[in-house]
Each structure stands twice: as C-alpha cells, then as structure tokens.
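Heads up: the structure comes next, in structure tokens.
The values are calculated or read from the model by the stated rules, or taken from the named source; none is laboratory data. Quick caveat: nothing in here was measured; it's all calculated off a predicted structure. In this analysis, Cβ positions are derived from the backbone assuming ideal geometry, glycine residues included, and neighbour counts consider all displayed protein chains. Each accessible area value is taken on the protein alone, full model and side chains, heavy atoms only, with ligands, DNA and RNA left out. Shrake-Rupley method; radii C 1.70, N 1.55, O 1.52, S 1.80 Å.
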Amino acid sequence: MSYGQTQIDIDSLLKPLHDIKSSKDISAHHNAQAILNFGDRALPLLANRFADTALTEIHSDCREFVLTKGEVAIIMADKIEMMPYALLTHVQNCTLEFCKDNPNLIEYYLYPIRRNGMEIFQYRYNEWLKSNDRKKYGPYLSNKKRYY
C-alpha cells in the first residue's frame, strides 16, 4: 500500500472504472479495490472529482441514467467511508429505502445531488471531511477496512 497517493494516482485508477457497464459492478473492479485500499487518505482526492460532469459508460441500475465521472468518485468515496446522506444531500430517507440489490447506497441520492448541484454537494462534503462532527460519526469511528 502506498502512502503518497496523488491526484494522478487516483485519476489513473478511476479511468478504467468509467467503462464498466453496470453501476452494481463498480466496487468489484480491481482498480476500485486499489482505491479502497488507500482508505480515507483518498477521500479529498476523490472529492476533487465530484463536480466532473463528463459521462461514463456506466448505467445506473438505481436511477436509470448514465453516471458521470464525478458520480463514480462519489460512489467510491462512500465505499471508503459512508457519508451522512441527509446532512450532505438535505434529503431525508425516512423509509430507509435504497435501490434494490444495489451495493452503492449513495446512488439512491444521485438525482437530488444532481438537482441541487454537484458543486454544492462537493462543498458540503469537503466541509464534512474537515469537521469535528465527522470524527464522532459512527462510520468514521468503525471504519477499519470495512468496504460494503
């Protein structure tokens, strides 16, 4: 495992993921596993890509649209450390419904993230990464190589 990840390293690992056909298969790709192995050190680098609106080849099995490169980075960041969805998206999921048989929980929220603006989501996420609240958040405290 490398401790000196750069944006170039993350970008080169993300690129092959953009050719996957189904969003359900993202985290199974060996490049995704390499990103997951970087752990939370990759989160700011992934966040740098959230607002990238270039389309990929990936069909969202949850939302019936094609994912952007930024959305793939969001999915990977959520796999490393589960996000506080309501705080970041301002959408309450009171019924706790997610996409059936889809391991990417954040994918359920991609439409509201798009609607509100990727830049807004990116800003909120970066603020979250720096916050003291994050260090008290359950998934942060228990994030010991647990990749859903």
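Length available on full extension from residue 6 to residue 92: 0.36 nm per residue minus the Cα-Cα distance, which gives 27.5 nm. Among the chymotrypsin sites (Phe, Trp or Tyr not before Pro) found in the range 35-90, those both in a DSSP coil and sparsely packed, with 16 or fewer other Cβ atoms within 10 Å of their Cβ, are 65. Between the amide H of residue 66 and those of 60, distances stay under 5 Å, these residues lying 5 or more places away or on another chain, with hydrogens modeled in the peptide plane. Along the chain, the longest continuous region that contains none of the trypsin sites (Lys or Arg not before Pro) in a DSSP loop with at most 14 other C-beta atoms within 10 Å is 22-99.
Surface composition of the range 3-136: carbon plus sulfur atoms hold 53% of the accessible area, using a 1.4 angstrom probe and ignoring ligands, DNA and RNA. For the chain, the solvent-accessible area with a 1.4 angstrom probe is 51 square angstrom per residue. Net length available on complete extension from residue 41 to residue 131 is 30.9 nm, with 0.36 nm assigned per residue and the Cα-Cα distance removed.
Shape of the range 1-84 from its Cα gyration tensor (a ≥ b ≥ c, root eigenvalues): rounded if a/c is under 1.5, otherwise prolate when a/b > b/c, or oblate? Verdict is prolate for the range 1-84.
Around the Cα centre of the chain, unit charges on the Cβ atoms of Lys, Arg, Asp and Glu (plus for the first two, minus for the last two) sum to a dipole of about 460 debye.
Among 91, 66, the sequence by solvent-accessible area, most first, with a 1.4 Å probe is 66, 91. In the chain, helical runs assigned H by DSSP with n ≥ 4 each contribute -39500 (n - 2.57); averaged across all residues and rounded to the nearest 500, the mean residue ellipticity at 222 nm is -11500 deg cm²/dmol.
For the range 37-127, rounded, prolate or oblate, judged on the Cα gyration tensor with a ≥ b ≥ c (square roots of eigenvalues), a/c < 1.5 rounded, else prolate if a/b > b/c? Rounded, because the longest to shortest axis ratio a/c is under 1.5. Apply 1/(1 + (r/R0)^6) to the Cβ-Cβ distance of residue 21 and residue 115, taking R0 = 25 Å, and write down the FRET efficiency to the nearest 0.05. That pair, residue 21 with residue 115, gives E of 0.50.
Longest stretch of the chain clear of exposed loop sites (GluC sites (Glu not before Pro), DSSP loop, at most 15 other Cβ atoms within 10 Å, sites excluded): 1-63. Over 25 Å between C-alpha atoms is what I'm after, so list which of 21/100; 100/136; 79/136 land there. Violating the 25 Å limit, Cα to Cα: 100/136.
Taking all Cα pairs closer than 8 Å and separated by 6 or more residues, the relative contact order of the chain comes to 23 percent.
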